[in-house]
Amino acid sequence: MRFCVTVYEVRAIEIFLFPLLLASFYRPTKYAIPGGNVSLQISNLPKNHKSLIWFYTTDQKIVEWESGDPKYFDTKFKDRATLDLNSGTLHIRKVQKEDSSTYLLRVQKDTEDEDEWKFPLVVLDPVPKPDINVSTTEEVNSCHLLLSCVIQDQSVNYTWYWESGSFPKQLQNSVLEVVHTPQSYSKSYTCQASNPVSSQNRTINFTSFCVQETISSSVFFSTNWSCLF
């Protein structure tokens with residue numbers, strides 16, 4: 001016995017088995033500091049949408065809307081999150097470090113297709129002012145400097161500057177080694193520590209090629225980083 005299946009029947013089976021087409025989009029990572037406010041938004045909410053859901057994780061809903069007023073779920077966001085029904089934007093107040101996650105917006109259209117946007121959010125502490133530990137070794141007509149930029153318990157990027165501007169990229173880490181001579185030395189060195197939400201710097205000064213001033217201070221940079229003030 002043979003069974004014949006028409007093209008229309010095959011199409012009907014496909015629709016039955018795969019009723020939804022899911023388009024997924026990634027948004028750039030957003031950074032925030034604890035206590036600040038964050039808005040997660042897309043540029044254009046589909047006009048033919050009939051429902052939307054915001055997720056903190058793939059299985060934890062924050063808010064859901066289908067008709068009428070949005071439904072806020074009993075989570076840590078219940079009193080801190082607000083859904084803008086016109087744009088689909090999720091506003092979160094007083095963010096905490098524990099709020100870091102990849103948020104998910106799922107929008108269902110009246111065609112039953114779904115669009116999905118993912119929003120990485122990272123909440124970071126501001127960078128504290130760094131300290132610079134200095135080790136000097138004076139030799140004949142030279143001075144070996146070992147400068148260590150210290151930030152406690154944070155992952156940061158380091159940038160070192162001297163009177164002529166910034167050091168080459170390959171030298172940019174927490175420790176800087178340089179050699180002074182009486183004829184050629186910088187009177188100041190600055191370490192800038194930064195993360196995506198803030199930056200701080202510390203400067204040390206030298207009165208001669210191997211003698212450090214006892215007082216250090218912050219420094220202001222011109223926009224082209226060509227000199228220090």
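Net charge in the neighbourhood of Arg202 (other residues with Cβ under 11 Å of its Cβ; Lys, Arg +1, Asp, Glu -1) is 0.
With the convex hull of its Cα atoms as the shape, the stretch 70-229 has an orientation-averaged projected area of 14.2 nm². The three principal axes of the C-alpha atoms in the stretch 131-212 carry coordinate ranges of 43, 23, 22 Å, sorted with the longest axis first.
Computed from Cα atoms alone, the Kirkwood hydrodynamic radius reported for the stretch 174-213 is 11.7 Å. Once the chain from Gln170 to Ser194 is taken as fully extended at 0.36 nm per residue, the excess over their C-alpha distance is 6.9 nm. Strictly greater than 18 Å: what percent of every Cα pair in the stretch 51-137 meets that? In whole percent, the long-distance tail amounts to 51.
Only the coordinates and a few stated rules stand behind these numbers; no lab work does. These figures come from a predicted structure and were not determined experimentally. Please note: Cβ atoms are built from the backbone with ideal geometry, for glycine as well, and neighbour counts cover all protein chains shown.
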